[in-house]
Every structure is written in C-alpha cells, then in structure tokens.
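Peer 1: Below are the structure tokens for one structure; questions will follow.
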Amino acid sequence: MNDVTVVHRRGAGAAPAHVTGRPAARLLGAVLGYRGHAAGPRPAARRLEVPTGAVRLVIGFGDPLGAAAAPARAPAPPDSFVAAVHTRAVATGSSGGAAAVTVALAPTAAYSLFAESAGLPDGRRTALSEELLPGVTLLARELTRLTCWEDRFGLLDRFLAARLAAGPPADPAVCRAVGAIRRGHGRLSVAELTAPMAQSRRHLERRFRAEVGVAPKAYAQITRLQYALRLMESQRSAAQTATEAGYCDQAHFHRCVKAALGCTPGRLRELRNRSPLHIGGLLESFTLPS
C-alpha cells in the first residue's frame, strides 16, 4: 500500500495543490517517489527546477473525449516526457489545467526502464512515446479511469516493476558508484569511488556518463547540493550548511550554489519558501517572483 500525502493550497476549502506518494517496498531505490496533480485550473506561474540527480518521468492523462474514446494505439498524451539528470537550474512556465503524475527515478533504474536510452545529455527532455516506453498509452488511459490517487500510484508500482524486470540491467559498477555517492551525500571523489573497484577511473567515468547522463563528479555535486538544501530547510545558517555538507568554506558553497541555481544562498533562502515542490525527499522546484 502506498503512503499518500495531500498538500493543499492556502485558504479554507482550497482544492489540493498536489498529492505525493511513496513507491511499494520492492521498488525502493529504483523509484524515489510519485507526485500527482489533478486536472483543473491552476494559477500561471514561473518555476525554477532545481537539479535533483533523478530522472523525471511525467505522464499527462485525461482526455476531453473520455478514456474509452481514445484509440488503443494513440500517441502518448501531450505534456508527457522524460527529463534527464541536469546540473543547472532551469526556469519553466506553467499554467496548469491537465492532470499529470511525476515519477522520480534513480538514473540507473531509468537506464533499465527506457531500454538503454536514458543516459541522455545533461538536461535533455524527450517526448514520451510507445517506442520509448511500451505500454504508456494504456497506462495513461488507466490513470484516467481511476479516481483515487492511491490506486493510481499502485498502478504505477505494478507497471514500473514489470518494465524494470524486462529491461536491461545497469552496469553493477555504475550502480555501486551511484549508491556510494548518495550514501556519502556527494562528498566522495572519483578516486575514492574507483578504489574498491577492479576497473580504471576512465572506464567508470565512461560507463557512468553513458548510463546516468552526467559524469560522476557532476552527479556528486548535484547530490551534495541537495543535501545542502535539506540542511538549509532545517534552519542551518549558510556557514553551518557549508561545513556540514563538506564544502571547503562558505565562499566555496556560495560559488557552487550560484553556479547551479543562478542565485546566492541568501536569495535561495528567500525563494525556497515560495510553493516548493518535493518528490522522494528531493527539492524539485519553487515558484519564481512574477
């Protein structure tokens, strides 16, 4: 059974802004989390998408013609795409309206899910199709038919488990490296990653980039940034965050945040309270001033 959390907009009687859910236990580590948005009007907004280290699978669903009217081999719904791991924040616009579910995937799981085509260049978005993810059209129709988010997340559990089992496995060395980077909150160097492995640094970097989409060092920087963001959310100062997250000093932390997000830690502290969206324990985005 999925743990489902409903996040409401401000104001009495306001409709849910979004719903979050955890994947089934058998998918933990591969699927990081779910977030659903129901169809309906939402205020237009510009958001800043933060590097998370995850691959995002976004599936739009619902059709004014009704699910039963959609042909079995129709293309995947609009606004359905796969977003590769990215190292720099991206400003996006959104006016809402369509129902959609976002799945945060570990990059090694995405490699298996999309039949070896997930190691896309930094930040690339690819429209979702039957060729990229067989069965997604039927999945979208079933998501439309269901009315309960817990049932929708359960459907995603079953679909993803079957697709991951049928896909090619990621390189075990890459899986170990990704796990070590996460456990170390991005503080391990490439030399420390390769020390216990029976392969060269160059070979690991080549395989890592092919399957994850970015180099090990870049992935570690994203992971450390996310850890620093969690520390800031717990009211640590910039100096405390810099020390605990393993930056050389506060100036180094300042430069890294500026390079990745385009703003200073002080400005980030102001912005991160503007309707932040989280998925799988990761800060994904927040609203930019109009």
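What follows is calculated from the coordinates using simple rules that are stated; it is not laboratory data. Computed from a predicted model, the values in this text were never measured in an experiment. Don't worry about glycine lacking a Cβ; one is built from the backbone with ideal geometry, like all the others, and counts go over all protein chains shown.
Peer 1: Report the calculated FRET efficiency for R46 and R206 (r = Cβ-Cβ distance, R0 = 30 Å), to the nearest 0.05. Working shown, then result.
Peer 2: Working: r = 37 Å, r/R0 = 1.24.
So, using R0 = 30 Å, E works out to roughly 0.20.
Peer 1: Find how much the distance from S234 to A191 grows on full extension, using 0.36 nm per residue of separation minus their present alpha carbon separation; answer in nm with one decimal. Could the numbers behind the result be given before it?
Peer 2: Values: separation 43, 0.36 × 43 = 15.48 nm, distance 3.14 nm.
Answer, rounded to one decimal: 12.3 nm.
Peer 1: Net charge around S189, counting only other residues with Cβ within less than 13 Å of its Cβ (Lys, Arg = +1; Asp, Glu = -1)?
Peer 2: Numbers: positive: R187, R201, K217, R224; negative: E192, E205.
Neighbour charge sum, excluding S189 itself: +2.
Peer 1: So, one more: Once you order the gyration tensor axes a ≥ b ≥ c over the Cα atoms, which shape class does the stretch 141-184 get: rounded for a/c under 1.5, otherwise prolate or oblate by comparing a/b with b/c?
Peer 2: Numbers: a/c = 5.35, a/b = 2.16, b/c = 2.48.
Oblate is the answer for the stretch 141-184, as a/c is 1.5 or above yet b/c matches or exceeds a/b.
Peer 1: In terms of modelled amide H atoms, which long-range or inter-chain residues lie less than 5 Å from the amide H of H185?
Peer 2: When sequence neighbours closer than 5 places are left aside, there are no close amide H contacts.
Peer 1: OK, next. With θ set to phi - 60° and the Karplus curve 6.51 cos²θ - 1.76 cosθ + 1.60, what are the ³J(HN,Hα) couplings of the stretch 168-175 in order, to the nearest whole Hz, using x for Gly and Pro?
Peer 2: Calculated HN-Hα couplings, in order: x, x, 6, 4, x, 5, 5, 4 Hz.
Peer 1: When a/c reaches 1.5 or more, the comparison of a/b and b/c decides; with that in mind, is the stretch 185-283 rounded, prolate or oblate per its Cα gyration tensor?
Peer 2: Values: a/c = 2.44, a/b = 1.87, b/c = 1.31.
Prolate, because a/c is 1.5 or more and a/b exceeds b/c.
Peer 1: To continue, here is another question. Once label points are set 7 Å from the Cα along Cα→Cβ at both T264 and A25, what is their separation, rounded to one decimal in nm?
Peer 2: Here the modelled spin labels are 4.9 nm apart.
Peer 1: Then there's this: Would you kindly state how much longer the chain becomes between T5 and D249 on full extension, computed as 0.36 nm times their sequence separation minus their alpha carbon distance, in nm to one decimal?
Peer 2: Working: separation 244, 0.36 × 244 = 87.84 nm, distance 3.71 nm.
Answer, rounded to one decimal: 84.1 nm.
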